[in-house]
Amino acid sequence: MDIKYKIEFLSEWHCGSGLSSGSDLDSLVVKDENGLPFVPGKTIKGLLRDAAEKICEFRKTGLVKVEECFGRETGKNSDDTGAGRCFFSNAEIERGTQDFLNSEPKRKAMLFRKISSTAIDENGMAREHSLRRAEVAIPMTLEGKISGIPDEDSANMIKESMKFVKRLGENRHRGLGRCIISEVK
């Protein structure tokens, strides 16, 4: 069983690549081979797992389904991978829009902005050497797919977990990454 989903970003967002651009930007958005932003499948999996665990914890039931779909958390010394049955694709810009953006490379630049932030000390002054600049993606809609869902109960758990996620990516507690994740029928 598969679920197609979309992520509608309501604010700028940043899923980090772990790279910088030297002295200009401290953190770049993760991009595909064509320079388009995406959300890695492992990020989606982690967010939905966390949401499913919280829902099950609240209800005091259902953790077996979470492990079946998302896998078991294993210790560092364990040979058991604990892999779940579900596969989470990357969430990407819809194919037709990708083609449009790729047909004129200058269009891609409009998908990103640079933002700055700094730490403030107890006197309200900027801390020395704390200025950070990051690349963010503008609000947009991305699509992805979850495949290998074992049964209808598991699918319902995943759909419910989608409703629970309200933000994703870096600095989500500072205004970035507000989103709605929903099933595409």
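The values are calculated or read from the model by the stated rules, or taken from the named source; none is laboratory data. This structure is a prediction, so every number in the text was calculated from the model and none was measured. Virtual Cβ from ideal backbone geometry, glycine too; neighbours counted across all protein chains shown.
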Considering only segment 1-12, I want to know if a residue exists there that is acidic (Asp, Glu), modelled with pLDDT of 85 or more, in a loop (DSSP other than H, G, I, E, B) and over 14 Å from the mean Cα position of the chain (by Cα).
yes
Please enumerate the residues belonging to segment 39-60 that are closer than 14 Å to residue 86 by Cβ and either in contact with a Leu (Cβ under 8 Å, 6 or more places away or on another chain) or not small (Gly, Ala, Ser) (or both).
42, 44, 45, 47, 48, 49
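Looking only at segment 80-99, count how many residues are among the β-branched types (Val, Ile, Thr) and either part of a helix (DSSP H, G or I) or at pLDDT below 95 (or both). Let's see the steps before the verdict.
So the first thing to find is which residues in segment 80-99 are among the β-branched types (Val, Ile, Thr), and the list is 81, 93, 97.
Then drop every residue that is not either part of a helix (DSSP H, G or I) or at pLDDT below 95 (or both), which leaves 81, 97.
Residues that pass the stated criteria total 2.
Confirm whether residue 95 is surrounded by 12 or more Cβ atoms within 10 Å (Cβ to Cβ) and free of Cβ contacts under 8 Å to residues at least 24 places away in the same chain.
no
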When you look at residue 182, is it surrounded by fewer than 11 Cβ atoms within 10 Å (Cβ to Cβ) and touching a strand residue (DSSP E or B) at 6+ places or on another chain (Cβ under 8 Å), yes or no?
no
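Please verify whether residue 57 is assigned to a helix (DSSP H, G or I) and at pLDDT below 90, treating the condition exactly as stated. Break it down stepwise before answering.
Numbers: assigned to a helix (DSSP H, G or I): yes; at pLDDT below 90: yes.
It is true that residue 57 is assigned to a helix (DSSP H, G or I) and at pLDDT below 90.
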For segment 125-145, state whether one or more residues are over 19 Å from the mean Cα position of the chain (by Cα), surrounded by 13 or more Cβ atoms within 10 Å (Cβ to Cβ), part of a loop (DSSP other than H, G, I, E, B) and modelled with pLDDT of 90 or more.
no
Can you list residue pairs whose Cβ atoms sit under 9 Å apart, with the first residue in segment 35-54 being closer than 19 Å to residue 97 by Cβ and the second being of a type in the set (Asp, Glu)? Count only pairs 6 or more apart in sequence or on different chains.
36/92; 37/92; 38/32; 38/92; 39/92
